[in-house]
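The values are calculated or read from the model by the stated rules, or taken from the named source; none is laboratory data. What you are looking at is a predicted structure, and each value in this text was computed from that prediction instead of being measured. Every residue, glycine as well, gets a Cβ built from its backbone with ideal geometry; the counts of neighbours run over all protein chains shown. These accessible areas exclude ligands, DNA and RNA; they are computed on the full protein's heavy atoms, side chains included. Shrake-Rupley method; radii C 1.70, N 1.55, O 1.52, S 1.80 Å.
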Amino acid sequence: SVTKSKRQGVQHLEKMKDVDFLDLLDELRDETGENFRLDQIPMTLKIDGLGGRFGKSANGRPFFESSRSGPITKPGAFTAHMKSQGINDEEKIDRAVKYDQLFDEIMDAVNDIDNKLGKDFLRNVKVHCEILFRPMAVEEDGKMKFVSVAYDNLPEGIELALIPLFVEQADTGEPHPKSDQIKAALNKIGRLDKNCMFIDNTLSKNKEIDVTGIIRP
């Protein structure tokens, strides 16, 4: 009863096709008017961690979904899948074991969210997020790296950081009408009861960004 989400990458400006870039300019003009001052457009920091989703189905069953797995509701599913495929590669098995550990941590986080915000808060909700899970990081000069960017270590006692990006309805995959409110409520929690925390990646700006000197409207 939970739709599988497709992995979606970020379109970089320098790699964008000309026609897509022109479409972007049209969108910016629609959002800002003819002056192209970007004072009302929300901005977020791109986090280079592990892509994931979590929430509950319409009937209230918790789930976790990696970038490619589809919704997972049972512990041990990642290693079970590896065994069913006959995969014996130690590195891949180790990563599957860590994904199973991550699943357990996410389920604990969902339980803590229930305690703080109510059992129906995540019902039929899929939260897309970036994940910083300490056991899956590579140590580099006292920092932790998941893909290509090295970050400061998480606070003492924190093994898992969740950075909410946007929210969908779990059963249809359509944008959730309360996406912004759900994301704000999760970020407001900050640290959960155990070893997990939420991080807000919203960028604040103290003045408008004027791009008229860069792009001729």
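Some points to look at:
- Near pairs, Cβ below 7 angstrom, 6+ apart or cross-chain, from the stretch 183-196 (free of Cβ contacts under 8 Å to residues at least 60 places away in the same chain) to any residue that is part of a loop (DSSP other than H, G, I, E, B) and open to solvent by less than 100 Å² (accessible area, probe 1.4 Å): ASN187/ASP200
- Under the condition of being under 22 Å from ASN59 (Cβ atoms) and in a loop (DSSP other than H, G, I, E, B), the residues counted in the stretch 105-158 number 7.
- Search result, residues across the stretch 183-201 that are part of a loop (DSSP other than H, G, I, E, B) and either open to solvent by less than 40 Å² (accessible area, probe 1.4 Å) or among the aromatic types (Phe, Trp, Tyr) (or both): GLY190, LEU192, ASN195, ASN201
- LEU162 open to solvent by less than 70 Å² (accessible area, probe 1.4 Å), in a helix (DSSP H, G or I) and of a type in the set (A, V, I, L, M): no
- Among the candidates LYS92, LYS4, LYS56, LYS46, the residue that is open to solvent by less than 40 Å² (accessible area, probe 1.4 Å), under 30 Å from LEU154 (Cβ atoms), under 24 Å from the mean Cα position of the chain (by Cα) and among the basic types (Lys, Arg) is uniquely LYS56.
- Restricting attention to the stretch 115-151 and to residues that are over 17 Å from the mean Cα position of the chain (by Cα) and within 17 Å of ASN195 (Cβ to Cβ), the residue that is surrounded by the fewest Cβ atoms within 10 Å (Cβ to Cβ) turns out to be ASN115.
- Qualifying positions in the stretch 61-93 - within 22 Å of ASP120 (Cα to Cα) and in a helix (DSSP H, G or I): none
- Considering the stretch 73-89, the residues that are under 24 Å from the mean Cα position of the chain (by Cα) and free of Cβ contacts under 8 Å to residues at least 24 places away in the same chain include one that is surrounded by the fewest Cβ atoms within 10 Å (Cβ to Cβ), namely LYS74.
- Matching residues in the stretch 165-182 - criterion: being of a type outside the set (A, V, I, L, M), in contact (Cβ under 8 Å) with a residue 24 or more places away in the chain and either assigned to a strand (DSSP E or B) or at negative phi (or both): PHE166, GLU168, GLN169, ASP171, THR172, HIS176
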